[in-house]
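The values are calculated or read from the model by the stated rules, or taken from the named source; none is laboratory data. Only a predicted model underlies this, so the values are computations on that prediction, with no experimental measurement involved. Cβ coordinates were reconstructed from backbone atoms using ideal geometry, including for glycine residues, and neighbour counts include every protein chain displayed.
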Amino acid sequence: MSLIEQAAKRLEQLRQAGVDLPEDNAPRSLASEAKAAETVPDPYAAKAQIAPTVDQTVAKIEPAPTKSPSVPSRRVELNLEAISASGLLVPQISRSQLADEYRVIKRPLIANAMGKGIAPIQNGNLIMVTSALPGEGKSFTAINLAISIAMELDNTVMLVDADVARPSVLNMLGLPPAPGLLDVVDKNSVDISGVLLRTNIEKLSILPSGTQHPRATELLASDAMVRLLDDMASRYSDRIIIFDSPPLLLTTESRALATHMGQIVIVVHAENTAQAAVKQAVDAIEACPVKMMVLNQARQASTDGYGYGYGYGYGYGYGNEN
C-alpha cells in the first residue's frame, strides 16, 4: 500500500471517529504526499539517465592518429646488355677504356664528397653534372659517373634527373616516365621513398625528374627544395648524389640548383663548344666552391676519329665563393 493510500485511509478513520478536520486538509495532505512521492528518486530512472552520458563519453574517445609508414622504394630491372650496347658503362665490364677514364674522373669527386679533399666542402656529396649548351653529353656523363661510383666498395649513389624541362635519364636507361623530384618538392615533402627507384645495380638508385610543372624553376629555388637537398645530403653518410641538370645557358633551373651544390662537373663537347660559351657557363656558377671540366668526345691519339674518350681538367674554386 502506497503512502497516499495509507494517508487517505487514516483520514477516513478520523472522520468516522468524529474528529473535525478542515475540508482542504485532505487534499493538501494528499497533494503533499503525492509531491513527496514524486520527489523520491527512482534508482532505475537514474541509471537510465547516466547511461546515455557514459555512451556519449565513450563515443568521443578516439585512437591517436598514427603516422603512415613510408612507401617502400620500387625496384626496377635495368637491361644491362642494352645499356652496354648503347655505349654506357656497366659493372660487368670493369676493365675498359671507358671504365678507366671514369675512375680518374670520379676519384677527386669522391674525395671531396667524403671530406678527404683539400678543404672541407659544404654539401660536397651533392654533385651537379651540366654543360653550357645542349648536346654536349652531360646526361651520358652523369649516368656513367653514377654507375662508376656505384662500383665503389664504400659508397652508394643516387642519380637524380634534375633536367626537369627535358628529362632523359630514364629513357637512356630503358625505363618509362615516373613520378619523382618535382612531385616531392611540390608537396613540400622530404620523403622520396615512394618515387625512388632501386635498381639491379646494387648501390645505384634513381630519382626521376617527375611530373612536369609550369613553375619548375620556382620549385627548384624554393625553401622546400632546400630542405629536401639538406635531407638528401645528410641522411646517409656514404651516399653521393649526382644531379643531371639542364644546360646552364639554356634555362634558369640549373643556376637555381647550382647554388645548393658542393661540386659541379661541366661537360664540354671537344672542338664543338665555343670558348666564350664555356666561360659564360663557368661565370654562371661562380659561387660553387669546386668546378671540374670534362672534355667529351676528345680525339684519341690511339684511335681513328672520335670516340667517347674524355680529357679531364680540374678547376677548383676554393676561396672564390663570393
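If you scan segment 73-88, which residues turn out to be surrounded by 12 or more Cβ atoms within 10 Å (Cβ to Cβ), in contact with a Ser or Thr (Cβ under 8 Å, 6 or more places away or on another chain) and under 19 Å from Ile192 (Cα atoms)?
Ser73, Val76
I need the full set of residues from segment 152-168 which are surrounded by fewer than 22 Cβ atoms within 10 Å (Cβ to Cβ) and in contact with a helix residue (DSSP H, G or I) (Cβ under 8 Å, 6 or more places away or on another chain), in order please.
Scanning segment 152-168 gives Glu152, Asn155, Thr156, Ala165, Ser168.
Based on this model, can you work out whether Val226 counts as in contact (Cβ under 8 Å) with a residue 24 or more places away in the chain, of a type in the set (A, V, I, L, M), more than 30 Å from Leu295 (Cβ to Cβ) and out of contact with any Pro (no Cβ under 8 Å at 6 or more places or on another chain)?
Numbers: in contact (Cβ under 8 Å) with a residue 24 or more places away in the chain: yes; of a type in the set (A, V, I, L, M): yes; more than 30 Å from Leu295 (Cβ to Cβ): yes; out of contact with any Pro (no Cβ under 8 Å at 6 or more places or on another chain): yes.
Yes, satisfied.
Considering (1) of a type in the set (S, T, N, Q); (2) more than 21 Å from Leu220 (Cα to Cα); (3) in contact (Cβ under 8 Å) with a residue 24 or more places away in the chain, say which one Asn171 fails and leave the rest.
Of (1) of a type in the set (S, T, N, Q); (2) more than 21 Å from Leu220 (Cα to Cα); (3) in contact (Cβ under 8 Å) with a residue 24 or more places away in the chain, only one is false for Asn171: (3).
In segment 212-233, what residues are outside any loop (DSSP other than H, G, I, E, B), more than 21 Å from Ser168 (Cβ to Cβ) and over 13 Å from the mean Cα position of the chain (by Cα)?
If the condition is that a residue be outside any loop (DSSP other than H, G, I, E, B), more than 21 Å from Ser168 (Cβ to Cβ) and over 13 Å from the mean Cα position of the chain (by Cα), then Glu218, Asp223 are the ones that fit.
Only one of Lys187, Lys138 is under 17 Å from the mean Cα position of the chain (by Cα), of a type in the set (D, E, K, R) and assigned by TED's automatic domain parsing to the domain that holds His269; which?
Among Lys187, Lys138, only Lys187 is under 17 Å from the mean Cα position of the chain (by Cα), of a type in the set (D, E, K, R) and assigned by TED's automatic domain parsing to the domain that holds His269.
Go through (1) farther than 18 Å from Ala142 by Cα; (2) buried (at least 20 other Cβ atoms within 10 Å of the Cβ); (3) not small (Gly, Ala, Ser) and name the single condition Asp223 misses.
For Asp223, the failing item is (2).
Out of (1) touching a Gly at 6+ places or on another chain (Cβ under 9 Å); (2) part of a loop (DSSP other than H, G, I, E, B); (3) modelled with pLDDT of 80 or more; (4) not charged (D, E, K, R), the odd one out for Val294 is which?
(2)
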